[in-house]
1. In the stretch 65-91, what residues are part of a loop (DSSP other than H, G, I, E, B) and either of a type in the set (Val, Ile, Thr) or in contact (Cβ under 8 Å) with a residue 12 or more places away in the chain (or both)?
2. So which residues in the stretch 88-103 are farther than 12 Å from residue 121 by Cβ and more than 11 Å from the chain's Cα centre (by Cα)?
3. Going by the conditions given, is residue 27 at pLDDT 95 or above and on the phi < 0 side of the Ramachandran plot?
4. Scan the stretch 45-64 residue by residue and report those that are open to solvent by 30 Å² or more (accessible area, probe 1.4 Å) and either in a strand (DSSP E or B) or under 24 Å from residue 125 (Cα atoms) (or both).
Amino acid sequence: MRETFYKGAQGNLSLHVASVMLAGLGVGASVTLSEQLPIGTQITGVRVLNDALGADSEITIRLSDKDNSKTSLIEVDTVNSGSAVVPVKPVYIGDNGPSDLELLSSGAGAATGEVTVQLEYRFKGY
């Protein structure tokens, strides 16, 4: 196995919470939710809780590394309010890190309202 194994009620699984109030975020525009997620972080899941953000609205939660390379984690239809919980194939922030957590307006309409993103991760080490 050769990985540190943490024993306990929660192990070393952690949750990072970021909320943002969007005011007409245009199609293709993005906003940074958290800066500089550290090298050695392994993302294992994403939870999104959102208001109804508007007609034809959709958001994508992604990582942006220092080379401006983008990795999409989850895409959510936000026409109606709701929540999404998606386990993801583990994404490791390595040599191209640290990475920023971003929200992209990826639908055909502008997004207005509150979005909370909960990033599930564990610190694996570098």
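The values are calculated or read from the model by the stated rules, or taken from the named source; none is laboratory data. If you're wondering where the values come from, they're calculated on a predicted model, not measured in any experiment. Cβ: placed from backbone, ideal geometry, glycine included. Neighbour counts: every protein chain shown. Side chains are part of the model used for accessible areas, which takes the heavy atoms of the whole protein and leaves out ligands, DNA and RNA. Shrake-Rupley method; radii C 1.70, N 1.55, O 1.52, S 1.80 Å.
1. Step one: of the stretch 65-91, the residues part of a loop (DSSP other than H, G, I, E, B) are 65-69, 78-81.
Result: 65, 66, 67, 69, 78, 79, 80, 81.
2. So in the stretch 88-103, the residues farther than 12 Å from residue 121 by Cβ come out as 89, 94-98, 100, 102-103.
Matches in the stretch 88-103: 89, 94, 95, 96, 97, 98.
3. Working: at pLDDT 95 or above: no; on the phi < 0 side of the Ramachandran plot: yes.
For residue 27, the condition - at pLDDT 95 or above and on the phi < 0 side of the Ramachandran plot - is not met.
4. Matches in the stretch 45-64: 47, 49, 58, 62.
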